Amino acid sequence: MANAAVGKDYSVKLQPVEMLKVLSPEGKIINEDMVPDLTDDQLREIMRRMVFTRAWDKRAVSLQRQGRLGFYAPVSGQEASMIASEFATQKEDFICPGYRDMPQLVWHGYPMYQAFLYSRGHQHGGEIPEGVNVLLPQIIIGAQIVQAAGVAMGFKLKKQKNVVVAYTGDGGSSQGDFYEGLNFAGAFNLPVVFIVQNNQYAISTPRSKQTAAETIAQKAIAAGIRGIQVDGMDALAVYKATHDAVERARNGEGPTLIETVTYRFGPHSMSGDDPSKYRTKDEQGEWENIDPLIRMRKYLESKGLWSEEVENQVMEEAKATVNEQIKKAEQTPKMTIEGLIDSMFEVTPPDLEEQKALYAAAKGDK
Amino acid sequence: MAQMTMIQAITDALRTELRRDPTVLVFGEDVGHVGGVFRATEGLQKEFGEERVFDTPLAESGIGGLAVGLGVQGFRPVAEIQFIGFIFEVMDSIVAQAARMRYRSGGRYNSPIVFRTPYGAGVKSPELHSDPLEGLLAQTPGIKVVVPSNPYDAKGLLISAIRDNDPVFFVEHLKLYRSIKGEVPEGEYTIPLGKANVVKEGKDVTIITYGAMVHTSLEAAKLIEQERGVSVEVIDLRTIKPLDMETVIASVQKTNRAIVVQEAQRSAGVAAEVIAQINEKAILHLEAPVLRCAPPDTVIAFPQIEDEWVPNAARIVHTLKQVLDF
């Protein structure tokens, strides 16, 4: 047999991937060319939403512990990745979320009390109001990625200048649906931006075991679409990457894959996950040191756009909103089996009508 | 004998087979390092190493394909699908590949795979975690479907499933994982696949059921026995494909009346099949039509009304009365 090492190396090579960063962990601009075009009000608004979301997350965790919420996936640590990316969209643009992406939905117009109802296992949680362009949180990892291609094709066919932003995680990037979605988006040149929030763990499985690829961003190359890796703890970098990708997509210049390198400070979900079983305190501490809120706060304070007083006000506002919205969720009338049966089809067929009667008869017989 | 929960019995079965047979491999999402989201594989990676008990990337289709390929290579994969709703991502590997391997290759290859997955109402899990999809699998030619109702059965059935040379879909009820304890012998023992268990003997009416509904049916039997002075027989199918109709028919010939209780939606499922076979094999022994007690044909109810959707003892009693009073 011939020696494989002899002769020219024809294997495909990838250029090293360089991560986009704008703010240092100390809140200093380190990449002047890539500072996004944001007004002071917009900068303040991104920070307000991140602080609000952190307070909301904290409250949601405690509501879950009290049994007032059902399934809940904490978001702390991922605020820059979530909020700054959604901030780069317009209301008419469409969000296809993963299961952790409630903040983007709410900031895109989905009422918070419905997010709580969804968590509490109430059907009304899923009734997205007219004019709010989002899908429900996707439970099947990666399913939203292929659907995003369809929603994007819909915009293209209807000649609407709108964009779809689909979110998944580092784990999600291993699913077949992920590759299929990227490939379709590229093949049909669709207005869609895929955001992989690489928070380092799919439940307990570290990124290093998820793929042999050095970055997730480079997976774009195989699909023939644009890919970029950004510092997911840096709201300005996330905004810049998403804004540019969204505007390119809007102008018919095709899809982009964005990998935001981030970390979830909390457990995978509140259903028994214990991160200490798979990651060290030191590692957590390192990520907490580069908290997205810290650097944005420092940056805005240096520009005179933020203060402790404002931050406290936002946290109070968040707490009051969460309290009011959870009460609204708790006061929503209970579902019925009859209503559930009627929600299956546009017109309930005779066999289901019969089952409704059967159910009522059994219920009446005490 | 040790007292074990169902989850401990499952771990024990896996450990027993990993020790006995070097071709047994255990893998899936989060099953290695942390031992699974329900700790069903806890300690196994430590004992048997990363080559035999391992985490996979997050891709159910990948897990299924890996299992089929390893089966071709002579291994016995025990693949965990983290929650039952995720099987749709791996349906091709289960239904179109594993279940047909022996048939397509004229016996040259087979798929000695166990697909383990949790399911079941009663713990208010999010959507696509608890759906009763066992009927869907039972309709697939070439695959066996096992639903244990207690720790002792879970261990014996899982060992049989691992040793079986054909694919087995092994469905574990979430509510039973830790809610009941039972005596489980140490070491090897098997419960044959395709063999039902008469969990309570009676003479006036038979309840045919499986999984968590065995416990609800026993509760209902007690209620109606107190109220009516009748005697109820309860059969735990244990394996829903293939069905042990011999045990069912023998019971119906004795009691002449029967109902089938299932957690899965009413139509086209296990209950329908059991009733069809009773009609085929014992129609002249029946004093009343065989009725079903099952949830309506909706997607499994949202957690908020899950408990009302799943049959409870009162609804089973209602169905029993219809059969007794016919």
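The values are calculated or read from the model by the stated rules, or taken from the named source; none is laboratory data. The model shown is predicted, which means the values in this text are computed figures rather than measured ones. Cβ placement follows ideal geometry from the backbone for every residue including glycine, while neighbour counts extend to all protein chains displayed. Keep in mind that these areas ignore ligands, DNA and RNA; they rest on the heavy atoms of the full protein, side chains included. Shrake-Rupley method; radii C 1.70, N 1.55, O 1.52, S 1.80 Å.
Which of rounded, prolate or oblate describes region A:129-195 when judged by the alpha-carbon gyration tensor and an a/c cut-off of 1.5? All intermediate terms of the calculation are to be shown ahead of the outcome.
On the way: a/c = 2.43, a/b = 1.27, b/c = 1.91.
Oblate.
How many Å² of accessible area per residue for the protein assembly as shown, probe 1.4 Å? Present the calculation step by step, with values, prior to reporting the outcome.
Values: 28330 Å² over 692 residues.
It amounts to 41 Å² per residue over the protein assembly as shown.
Return the inverse of the average 1/r over all pairs of distinct C-alpha atoms in chain B, which is the Kirkwood hydrodynamic radius, in Å to one decimal. Each step should come with its number before you reach the end.
Values: mean 1/r = 0.0500 Å⁻¹.
Radius from the Kirkwood sum: 20.0 Å.
Could you give me the radius of gyration and the Dmax of region B:177-225, taking only the C-alpha atoms into account and expressing both in angstrom?
13.5, 39
Within chain B, what whole-number % of the accessible surface is contributed by carbon and sulfur, with the 1.4 Å probe and all protein chains included in the calculation? Walk me through the intermediate numbers first.
On the way: 6000 of 11890 Å².
C and S atoms contribute 51 percent here.
Quick one: which bits of region B:14-32 get at least 40 Å² less accessible when the partner protein chains are in, versus the chain alone, with a 1.4 Å probe?
B:Asp30
How large is the charge dipole for chain B, taken about the Cα centre, if only the Cβ atoms of Lys, Arg (+1) and Asp, Glu (-1) carry charge, to the nearest 20 debye? Before the final figure, lay out the partial values.
Values: 33 positive and 42 negative charges, 134 e Å.
Roughly 640 debye for chain B.
A:Met19: accessible area at probe 1.4 Å, nearest 10 Å²?
Using a 1.4 Å probe on the heavy atoms, I get roughly 60 Å².
For region B:197-326, what does the relative contact order come out to in percent, with C-alpha contacts under 8 Å and a separation of six or more? Display every interim value, and only then the final one.
Details: 233 pairs, mean separation 36.9, N = 130.
About 28 percent, as a whole number.
Mind scanning A:Lys13/A:Lys281; A:Lys156/A:Lys240; A:Lys281/B:Lys181; A:Lys58/A:Lys277 and naming the pairs with a C-alpha gap bigger than 27 Å?
Numbers: A:Lys13/A:Lys281 37 Å; A:Lys156/A:Lys240 24 Å; A:Lys281/B:Lys181 36 Å; A:Lys58/A:Lys277 22 Å.
Distance filter (> 27 Å) returns A:Lys13/A:Lys281; A:Lys281/B:Lys181.
Among the residues of region A:246-295, which ones have their accessible area go down by 40 Å² or more when all the protein chains sit together, as opposed to their chain alone (1.4 Å probe)?
A:Lys277
Which length gain, in nm to one decimal place, applies between A:Asp9 and A:Asp40 when the Cα-Cα distance is subtracted from 0.36 nm times their residue separation?
Taking A:Asp9 through A:Asp40 to full extension adds about 6.0 nm, to one decimal.
Over chain A, what is the relative contact order in whole percent, taking alpha-carbon pairs under 8 Å and six or more residues apart?
Numbers: 624 pairs, mean separation 84.0, N = 366.
Relative contact order comes out at 23 percent.
Can you give me the distance in nm between label points at A:Phe188 and A:Glu18, each placed 7 Å from the Cα along the Cα-to-Cβ direction?
Simple spin-label model gives 3.5 nm for this pair.
For a Förster distance of 45 Å, can you work out the FRET efficiency between the beta-carbons of B:Ala272 and B:Glu188, rounded to the nearest 0.05?
Details: r = 36 Å, r/R0 = 0.80.
The pair B:Ala272/B:Glu188 has a calculated efficiency of 0.80.
With a 1.4 Å probe and all protein chains in place, put A:Ser208, A:Ser85 in order of accessible area, largest first.
On the way: A:Ser208 90, A:Ser85 0 Å².
In descending accessible area the options line up as A:Ser208, A:Ser85.
With a cut-off of 8 Å between alpha carbons and a minimum separation of six or more residues, what is the relative contact order of chain B in percent? Kindly include the intermediate steps, with their values, before the conclusion.
Working: 727 pairs, mean separation 52.2, N = 326.
RCO, chain B: 16 percent.
With label points built 7 Å along Cα→Cβ from the Cα atoms of B:Asp92 and A:Glu317, find their separation and express it in nm.
Output for this residue pair reads 4.9 nm.
Taking DSSP loops as anything outside H, G, I, E and B, show the longest stretch in chain B free of trypsin sites (Lys or Arg not before Pro) there with at most 15 other beta carbons within 10 Å. Don't skip to the end; give the middle numbers.
Values: sites that count: B:Arg108, B:Lys181, B:Lys195, B:Lys203.
Answer - B:204-326.
Share of Cα-Cα pairs in region A:171-224 beyond 13 Å, in percent? Each step should come with its number before you reach the end.
Numbers: 853 of 1431 pairs.
The answer is 60 percent, as a whole percent.
Taking a temperature of 10 °C and a viscosity of 1.306 mPa s, what whole-number D in µm²/s does Stokes-Einstein yield for region A:274-366 with Rh from Kirkwood over alpha carbon pairs?
This corresponds to a translational diffusion coefficient of 82 µm²/s.
What is the projected area of the convex hull of the Cα atoms of the protein assembly as shown, averaged over all directions, in nm²? It would help to have the intermediate numbers written out before the result.
Working: hull surface 140.8 nm².
Projected over every direction and averaged, the Cα hull of the protein assembly as shown covers 35.2 nm².
Can you return the lysines within cross-link range of B:Lys241? Criterion is Cα-Cα under 23 Å, with same-chain partners fewer than 8 residues away left out.
B:Lys144, B:Lys155, B:Lys175, B:Lys195, B:Lys200, B:Lys281
Within region A:2-72, report the trypsin sites (Lys or Arg not before Pro) that DSSP leaves as loop and that have at most 16 other Cβ atoms within 10 Å. Could you put the intermediate results ahead of the total?
Details: sites: A:Lys8, A:Lys13, A:Lys21, A:Lys28, A:Arg44, A:Arg48, A:Arg49, A:Arg54, A:Lys58, A:Arg59, A:Arg65, A:Arg68; in loops: A:Lys8, A:Lys13, A:Lys21, A:Lys28, A:Arg68.
Loop-located and lightly packed - A:Lys8, A:Lys13, A:Lys28, A:Arg68.
Roll a 1.4 Å probe over the protein heavy atoms and report the accessible area of A:His243 in Å², nearest 10.
60 Å²
Go through region B:247-326 and name the GluC sites (Glu not before Pro) that are in a DSSP coil and have 16 or fewer other Cβ atoms within 10 Å of their Cβ. Don't skip to the answer; put the middle values down first.
Details: sites: B:Glu263, B:Glu273, B:Glu280, B:Glu287, B:Glu306, B:Glu308; in loops: B:Glu263, B:Glu287.
Within region B:247-326, the qualifying GluC sites (Glu not before Pro) (loop, at most 16 other Cβ atoms within 10 Å) are B:Glu287.
Any chance you could tell me what percent of the C-alpha pair distances in region B:115-215 go past 21 Å? Write out the running numbers ahead of the final one.
Details: 1891 of 5050 pairs.
Looking at region B:115-215, the distances longer than 21 Å represent 37 percent of pairs.
If I stretch the segment between B:Arg19 and B:Lys203 completely, what's the gain in nm (0.36 nm per residue apart, minus their alpha carbon distance), one decimal? Numbers along the way, then the final one.
On the way: separation 184, 0.36 × 184 = 66.24 nm, distance 4.40 nm.
Net length gain for the segment: 61.8 nm.
Using the basic label-point model (7 angstrom from Cα toward the beta carbon), what is the A:Ala357 to A:Asn251 distance in nanometres?
6.4 nm
Suppose we compare each residue of region A:130-146 in its chain alone and in the full protein complex with a 1.4 Å probe; which ones drop by at least 10 Å² of accessible area?
Going by heavy-atom accessible area, the residues of region A:130-146 that drop by at least 10 Å² are A:Ile139, A:Ile140, A:Ile141.
How many square angstrom of accessible surface are buried between A and B, both sides summed, with a 1.4 Å probe and rounding to 100? Numbers along the way, then the final one.
Details: alone 18140 and 13610 Å², together 28330 Å².
Rounded to the nearest hundred, the buried surface is 3400 Å².
Could you compute Rg(Cα) / (2.2 N^0.38 Å) for chain A, with N its residue count?
Details: Rg = 22.4 Å, N = 366, 2.2 N^0.38 = 20.7 Å.
That ratio works out to 1.08.
Kindly identify region B:1-119 as rounded, prolate or oblate by the Cα gyration tensor criterion: order the square roots of the eigenvalues as a ≥ b ≥ c, call it rounded if a/c is under 1.5, otherwise compare a/b with b/c, prolate if a/b is larger, else oblate. Present the calculation step by step, with values, prior to reporting the outcome.
Values: a/c = 1.82, a/b = 1.45, b/c = 1.25.
Taking the square roots of the gyration eigenvalues as a ≥ b ≥ c, region B:1-119 is prolate.
Leaving out ligands, DNA and RNA, what percent of the accessible area of chain A is carbon and sulfur, probe 1.4 Å? Intermediate results must be reported in sequence, preceding the final value.
Working: 8630 of 16440 Å².
Roughly 53 percent, rounded to a whole number.
Using helices alone, I'd like the mean residue ellipticity at 222 nm for chain B: each DSSP H run of four-plus residues gives -39500 (n - 2.57), total over residue count, nearest 500. Each step should come with its number before you reach the end.
Details: 12 runs with 115 residues, N = 326.
When only DSSP H runs of four or more count, the value is -10000 deg cm²/dmol.
Whole-Hz ³J(HN,Hα) for each residue in region B:262-269, computed from phi via Karplus 6.51 cos²θ - 1.76 cosθ + 1.60 with θ = phi - 60°, x for glycine and proline: what do you get?
Running phi through 6.51 cos²θ - 1.76 cosθ + 1.60 with θ = phi - 60° gives 9, 7, 7, 3, 4, 7, 6, x Hz.
Report the accessible area of A:Trp107, computed with a 1.4 Å probe over the heavy atoms of all protein chains in place, in Å² rounded to the nearest 10.
The accessible area comes out at roughly 50 Å².
Starting from the Cα of A:Glu26, step 7 Å toward the Cβ, then list every residue of region A:287-301 with an amide N under 14 Å from that point.
Answer for region A:287-301: A:295, A:298-299.
Roughly what percent of Cα-Cα pairs across region B:194-326 reach past 27 Å? Numbers along the way, then the final one.
Details: 1041 of 8778 pairs.
More than 27 Å apart: 12 percent of the Cα pairs in region B:194-326.
Taking the Cα centre of the protein assembly as shown as origin and charging only Cβ (+1 Lys, Arg; -1 Asp, Glu), how large is the dipole, in debye to the nearest 20? Each step should come with its number before you reach the end.
Working: 74 positive and 91 negative charges, 163 e Å.
Using Cβ point charges on Lys, Arg, Asp and Glu, the protein assembly as shown gives about 780 debye.
Go ahead and run the numbers for FRET between A:Arg68 and A:Lys281, Cβ-Cβ distance against an R0 of 35 Å, rounding to 0.05. Present the calculation step by step, with values, prior to reporting the outcome.
Working: r = 30 Å, r/R0 = 0.85.
The computed FRET efficiency comes out at 0.75.
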